[in-house]
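Step one of this worksheet: look at the structure below.
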Amino acid sequence: MIHDTLLCLDLPAHLGPPLPTRPLEGLENLLFTGRWATRRATTSVSTAAMLARGLAALRELEFGEVHVTDDAGTVLDQAVASLPGDGTRWPEALPPTWTEQPCALTVRAARVGDGVRAVATLRLTPRYEPAQAPLAGSLRTLWDVGPGSGDEQTFGASFHAALRDERALRELCRRLTARGAVLAEGLLTALKEAFPHSDGTHWGRLLVLHGYGAQPGRFADLLAGVPEERRHHLALLEARLAESPSRWPALDAAGVPGWVHRGRFVPDAEVLHVA
């Protein structure tokens, strides 16, 4: 079980000139945008400035363990990623392509506290599709129960004792949802303050990872940034929720959203069809 939030931030930008457009691409553009030609929007904020401001917003909320990559897999050294200040020293520290042209970057950072572990992933795209946002990302929050014990039987007994009844299970869900929402709102607010004249939104919900116990590797992308030793309780939590008489929102191993009730997964499409 995790609290999964998606967020996006719109920045001031200008629309570039029409680009060479293939027929199929043009038909798709016509369908979704009303224009045949492909165009790209470009923000007035440089890649270096976007990175510096994004990291400042994350640091404001005490996120650490920063990992930054571009689409070619170039990794920004953590010592550089932790530089203080307003970003004036960034051009001399960044790879040349990050300052000479609009370069998309992915930033991932983690935070631990208040009984939860949160991982924020931000996608910075200075040159982007007009229908998209130049800054988008996710915030995944899960229960932080500490490193796994060497005695799995003892840990399992303690785990089930903590969630001994439906009331305890619902209280855990309430706290996880509340904490995830607070962190998401705080991150969006910090980003808005870091990028003047921007506007954004976020949307999140609690999700049961259905099938995690059998196929944990299928959720690797969703849980990226969460150390393996901090995921050991997810299979136990999935099994505990399978005993619950309540109906829980869920995501299966194939990435299909739906609901789980007493261990049975029902896709959203099937729920809507029945309704």
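The values are calculated or read from the model by the stated rules, or taken from the named source; none is laboratory data. Predicted model only: the values in this text are computed from it and were never measured. Cβ coordinates were reconstructed from backbone atoms using ideal geometry, including for glycine residues, and neighbour counts include every protein chain displayed.
Remarks
- Residue check, L122 surrounded by 13 or more Cβ atoms within 10 Å (Cβ to Cβ), touching a strand residue (DSSP E or B) at 6+ places or on another chain (Cβ under 9 Å) and modelled with pLDDT of 90 or more: yes
- Every condition in (1) more than 28 Å from A190 (Cβ to Cβ); (2) modelled with pLDDT of 80 or more holds for M50 except the one numbered (1).
- Residue count for the range 33-50, restricted to those that are loosely packed, with under 14 Cβ neighbours inside 10 Å and closer than 25 Å to C103 by Cα: 1.
So that you can scan it fast, the table gives a plain yes or no per residue for (1) over 14 Å from M1 (Cβ atoms); (2) basic (K, R); (3) surrounded by 15 or more Cβ atoms within 10 Å (Cβ to Cβ):
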{"site": "R167", "(1), (2), (3)": "yes, yes, no"}
{"site": "G180", "(1), (2), (3)": "no, no, yes"}
{"site": "L206", "(1), (2), (3)": "no, no, yes"}
{"site": "Y212", "(1), (2), (3)": "no, no, yes"}
{"site": "A220", "(1), (2), (3)": "yes, no, no"}
{"site": "H232", "(1), (2), (3)": "no, no, yes"}
{"site": "P249", "(1), (2), (3)": "no, no, yes"}
{"site": "A253", "(1), (2), (3)": "yes, no, yes"}
{"site": "A269", "(1), (2), (3)": "yes, no, no"}
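- Tabulated pairs, the range 99-110, first at pLDDT 90 or above, second assigned to a loop (DSSP other than H, G, I, E, B), C-beta under 6 angstrom, 6+ apart or interchain: R108/G225; A109/F63; A110/G225
- Boolean, A136 is small (G, A, S), in contact with a Gly (Cβ under 6 Å, 6 or more places away or on another chain) and at pLDDT 80 or above: no
- Residue in the range 184-204 that is part of a strand (DSSP E or B), touching a Cys at 6+ places or on another chain (Cβ under 7 Å) and either modelled with pLDDT under 90 or under 30 Å from A133 (Cα atoms) (or both) present: yes
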